[in-house]
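Contents: one structure, followed by commentary.
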Number of protein chains: 2
Amino acid sequence: MATIADVARAAGVSPSTVSYVLSGRRPISPATRARVERSIAAMGYRPHAGARALASRRSNVLALVAPLRTDINVPVIMRFVTSVVTTARSYDHDVLLLTKDEGADGLTRVAGGAMVDALIVMDIEADDARVPVLRGLRQPAVLIGLPDRPAGISCVDLDFAATGYTAVQHLAEHGHRAVALVGPPAGVYQRGTSYATRLRAGFDDAVAHLGLRRAARPCDPTFDGVAACIRQLEAELPETTAFVVHNELALAPVLEILRASGRRVPEDTSVVAICPEDVALGLPVRLTSIDIPAHDVGALAVEMAIHLLERRHGAQTRLLAPALTERDSCADRIG
Amino acid sequence: MATIADVARAAGVSPSTVSYVLSGRRPISPATRARVERSIAAMGYRPHAGARALASRRSNVLALVAPLRTDINVPVIMRFVTSVVTTARSYDHDVLLLTKDEGADGLTRVAGGAMVDALIVMDIEADDARVPVLRGLRQPAVLIGLPDRPAGISCVDLDFAATGYTAVQHLAEHGHRAVALVGPPAGVYQRGTSYATRLRAGFDDAVAHLGLRRAARPCDPTFDGVAACIRQLEAELPETTAFVVHNELALAPVLEILRASGRRVPEDTSVVAICPEDVALGLPVRLTSIDIPAHDVGALAVEMAIHLLERRHGAQTRLLAPALTERDSCADRIG
DNA sequence: TTGAAAGCGATACCAA
DNA sequence: TTGGTATCGCTTTCAA
């Protein structure tokens, strides 16, 4: 493989000049630049990433820790990952993918070995053991999610509390007085994954402030699981006229079960979903929904990481405001 | 950060001894080893990945190129990714994730810069422009999928031709004489993604050999898309009594549409799915299915890459035999 | 505007 | 069984 010295020789300049042509960190005369660039192209030269990382103390790689489980919410995860990878590339970084299962050790491994310049960590739990570890690292970190004590670490996420509030408010404005929440699977709550509890808190707040009645349950995203969930919700609150569904995989079964039991959406029962837009559009009824802006959140996470690296700012928390889109699953409650 | 020299000094040995303790590439006396390991632990020493890559000509990173689009087949992709990442870790490698959108340039970039020791590439098209590029790289590559001309490159995949054949054969054994194929979205065929055409070929082979009639169509995985697809299939072959569905996202709509039009599964209409096991189990009817063994394929791809690196063998193609699991969506055709 | 050379932090060869 | 050290390929400071 050609090295920087080979290129320099071929161009009749010193290695440092080649380096500066590549980095643009000092002015180069047009003539020299042209000769160097021609040699680079002719030899198909690529800087050795390891050598570069060693000398510059920058790997140009971001770590992304994703919950690679098959049991939940896969399409949304994939959207975050896609957004992070493509945005990272636009900042000249690559992405090293770790699973959440590696836990804190994985973080110290890739950070300690200087494999990565910064870390982006998804699926943050309320009392996440990884947060103190991240605080101790040399590299900056951005959390996608919100732990109980985010001090000193950057976070970015949808504002799930506002999302829960907004969903209920919308239903209240349509005259609904009794609303039921179909939540994520029980495991999500048990792990303390904070988006679930935050949404629930906003939901409860709105119910209280607006003087409604409510029922709320976690929900397994299988057909039987959804059926059981709805049965329990209606046993608890028989006058329910609207559902807030915060569980992407449960959406199709919810619609199917309502239909099978003779309740039309939206004429008899209203539904507000919290899910990505294309999911809301891909079901038999076009769902009124609050988007999970995975693309924006992922891109913002990368930008924050890059800015942290450039010391453009310190740790900060950014919660994106929810946006509700009215479609065909919500109607006025008559009478 | 502590370096190997710091550790050596603290342990009263030379840097090379520390290196050999870490790599196990030469015998070390128990006493020395203990002292070194104690220093390593005490100082929290981690070898610098870049320095190591520079000196050893090994990054211990695998590139994984995945189709990070949101429009198709997301959960299966995620399974491949998960399997590759976890298996790579078991061979002491990390995974750099690239999107298919980066194309051949992405491959030459990470390979040319020696960021990775080997590449694993998903979603291979019949005449994939990346294959000749991979052939020219210094690093070995493993394709998940099967191009038209795989010479010189390792491939691993489910045997989709055998899968299509098996699905039809199973239906024929149950007395079905007219079968319809609900395929992947048209885009998948247009891109020439080979699994789609290979399955289709096996499907057609079986139909011919067993003397059946058939219709086959691509299918958009939205509710409306599936409805249109089924309508067209039945217009083309009104006597259809069974569906082979090679489109994960279409499964729920297919069942719903059949049910809505008064056809019971399996009493009136049989369905064989090609999909991951948990998808087959998560629908209102437990589906008779042929598993897409994403976990096995991903793990095998990593193992092949590692063996290629160790020069344990040369390029080879491995197609995994399909396994059909009978569940509740297939019944004998009476009369 | 450019060059020379000192690191960066490992590995692995050559000696002992 | 261990040590010394050249080497990997680049960045960046210091000089010119």
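Between the beta carbons of A:Glu234 and B:Arg231, assuming R0 = 60 Å, the FRET efficiency works out to 0.95 to the nearest 0.05. Sequence-ordered 3J(HN,Hα) estimates for segment B:132-146 from the Karplus curve with 6.51, -1.76 and 1.60 and θ = phi - 60° stand at x, 4, 4, 4, x, 7, 5, 8, x, 9, 10, 8, 9, x, 9 Hz, glycine and proline given as x. Taking chain B as a Gaussian network of alpha-carbon nodes connected by springs under 10 Å, the highest mean-square fluctuation of the residues B:Ser289, B:Ser56, B:Ser19 belongs to B:Ser19. For the protein assembly as shown, the dipole from Cβ point charges (+1 on Lys and Arg, -1 on Asp and Glu) about the Cα centre works out to 3240 debye, to the nearest 20. Taking other C-beta atoms within 10 angstrom as a stand-in for reagent exposure, A:Arg217, A:Arg263, A:Arg311 fall in the order A:Arg311, A:Arg263, A:Arg217, fewest first.
Distant-in-sequence amide contacts of B:Val272, defined by a placed amide H-H separation under 5 Å and a gap of 5 or more residues or a different chain, comprise B:Phe243, B:Val244, B:Val245.
Put in order of Cβ neighbour count within 10 Å, fewest first, the listed residues B:Tyr195, A:Tyr45 become A:Tyr45, B:Tyr195. Can you bin segment B:160-291 into rounded, prolate or oblate? Criterion: square roots of the alpha carbon gyration tensor eigenvalues sorted a ≥ b ≥ c, rounded for a/c under 1.5, prolate for a/b above b/c, oblate for the rest. Verdict is rounded for segment B:160-291. Rounded to the nearest 20, the Cβ-based charge dipole of chain A about its Cα centre (Lys and Arg +1, Asp and Glu -1) stands at 1700 debye. Springs between Cα atoms under 10 Å define the GNM used for chain A, and in it the highest mean-square fluctuation of A:Ser270, A:Ser29, A:Ser83 occurs at A:Ser29.
For the peptide A:254-265, the mean number of other protein chain Cβ atoms found within 10 angstrom of a residue's Cβ is 1. Counting other Cβ atoms within 10 Å as a rough exposure proxy, the listed residues A:Leu258, B:Leu171 run A:Leu258, B:Leu171 from fewest neighbours to most. Look at the stretch B:48-61: the mean tally of other chain Cβ atoms within 10 Å of its residues' Cβ atoms is 6. Near B:Leu143, the amide H atoms lying under 5 Å from its own belong to B:Val121, B:Ser154, B:Cys155, B:Val156; only residues 5 or more places off or on other chains count, and H is placed 1.01 Å from N.
Classified by the C-alpha gyration tensor, the protein assembly as shown has an oblate form. Its axis ratio a/c, with a ≥ b ≥ c, is 1.5 or above, and a/b does not exceed b/c. For the peptides A:156-165, A:142-151, B:242-251, residues were scored by their other Cβ atoms within 10 Å and the scores averaged per peptide; the highest-first order is B:242-251, A:156-165, A:142-151. Quote the relative contact order of chain A in percent (integer), defining contacts as alpha-carbon pairs under 8 Å separated by 6+ residues. Answer for chain A is 17 percent. Remark on B:Leu320: its backbone amide H falls under 5 Å from those of B:Asp157, B:Leu158, B:Asp159, a criterion applied only to residues 5 or more positions apart or on other chains, H modelled at 1.01 Å from N. Estimated purely from DSSP H runs of n ≥ 4, each contributing -39500 (n - 2.57), the mean residue ellipticity at 222 nm for chain A is -14000 deg cm²/dmol once divided by its residues. The dipole here belongs to segment B:69-119: it is taken about the Cα centre, uses +1 on the Cβ of Lys and Arg and -1 on the Cβ of Asp and Glu, and is about 160 debye. Segment B:1-52 and segment A:67-146 have Cα centres lying 29 Å from one another. Shape verdict for segment B:4-56, please, from the Cα gyration tensor: rounded (a/c under 1.5), prolate (a/b greater than b/c) or oblate. Taking the square roots of the gyration eigenvalues as a ≥ b ≥ c, segment B:4-56 is oblate.
We did not get these values from a lab; they are worked out from the coordinates using the rules stated. None of the values given here were measured: they were computed from a predicted structure. Don't worry about glycine lacking a Cβ; one is built from the backbone with ideal geometry, like all the others, and counts go over all protein chains shown.
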